[in-house]
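Derivation of every value follows stated rules applied to the coordinates shown; laboratory data play no part. As the structure is a computational prediction, the values presented were derived from the model and not from experiment. Neighbour counts run over all protein chains shown; Cβ positions are idealised from the backbone, glycine included.
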Amino acid sequence: MHTFEYLKPKSIDEAISLMESHGERARYIAGGTDILVKIKEKKVLPDFLISLRHIPEMAYIHYEEARGILRIGGMTTHRMLEKSSLIRRRYPILSDAVDNIGSVQIRNVATIGGNIVNAVPSADGAIPLITLGAQIRMRGPKGERAMELVDFFIGPGQTLLEHGEIVLEFVVPKLPSYTGMAYCKHTRRAAMELPILGVAVLLSLEDDGITCSEARIGLGVLAPTPMRALSAEKILKGEKVEDALLEKAGKVAAEECKARDSVRGEAWYRRAMVETLVKRLGKLCLERAKES
Ligand SMILES: Cc1cc2nc3c(=O)[nH]c(=O)nc-3n(C[C@H](O)[C@H](O)[C@H](O)COP(=O)(O)OP(=O)(O)OC[C@H]3O[C@@H](n4cnc5c(N)ncnc54)[C@H](O)[C@@H]3O)c2cc1C
């Protein structure tokens, strides 16, 4: 095993200044469930691992009631999200995702920030967050910045994060009152499995309980980065959400999803499952919107 020095800064500023001192020889570590595997496989060989686990202010789930904004700290573990009654009640799309990440042992240490920065096309945290329209906030040697999370991913394992930058938090903007949301990771087995595809749907309804005021569809694994099915979303907006319309949206999402063949699933199967899951999750969104 490659050896490295493990550093434990107590604040974000200290972590950034350690990173500036050690440059390319250093990497941040959060839960370690991705980076330690990469070190073992000799894909990265840092001399210094700068741990973010001892910075208390980085792990939180805050809901600003007055503005309807959700903030999730970069060091929030999947288990914290899974156990949060607020997330389960108001953002079930995130519960759907984290409930099925790895195992309890993994979820206890693995963080949402690590999941996003690792940026594999199958990242379960990414698909719900882009569907929620989340922003990502970062701080590094050059200061702080924010961007739409969907624009953060540029390829498999590649993001716009610059060396030394720390992901501070994810900010989910206010959602309309009648909103339903759901995520499904489609796998061969129920647990500890990489997905064949991931689909998330969010629908907001007018007061009549059937006309769609906002529609978002997030897709994962299919393209090199998590993506929104924008043409399929347009089909739903402003229309009455009935079975035939959901079916049409599913077909359009399947056409625009850029599905490819891989060892876990062929492109034709993935397209068929996108069609099925958009419709199925759309119906679940209607039920959840009515409960919300
Ligand atoms: C057995 C097993 C099962 C798994 N199952 C799933 C699954 O079902 N679904 C899924 O999506 N993933 C799964 N994973 C992958 C992994 O657990 C997740 O991606 C996890 O969220 C990574 O978080 P971490 O805190 O462990 O990241 P780490 O490994 O600590 O870090 C990953 C990368 O992110 C960087 N980083 C971490 N935090 C920050 C930050 N705040 N700011 C800047 N850079 C940062 C690190 O430098 C590193 O490059 C699994 C992994 C294992 C080992």
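Quick notes
- For the chain, built as a Gaussian network whose Cα springs stay under 10 Å, the top-fluctuating residue of ALA26, ALA254, ALA119: ALA26
- Taken about its Cα centre, the chain carries a charge dipole of about 600 debye when Lys and Arg each add +1 at the Cβ and Asp and Glu each add -1 at the Cβ.
- In the range 179-291, lysine pairs closer than 19 Å at Cα, eight or more apart or cross-chain: 26
- Mean-position separation - Cα centroids, the range 146-164 and the range 225-258, in angstrom: 25 Å
- Formal net charge of residues neighbouring THR77 (Cβ-Cβ distance under 11 Å; K, R +1; D, E -1): +3
- Compactness index (Cα Rg / 2.2 N^0.38 Å), the chain: 1.01
- For the range 36-128, the pair-distance distribution built from all alpha carbon pairs, in bins 10 Å wide starting at 0, is 15, 45, 30, 9, 1 percent.
- Of LYS43, LYS237, LYS248, the residue with the greatest mean-square motion in the GNM of the chain, using alpha carbon springs below 10 Å, is LYS43.
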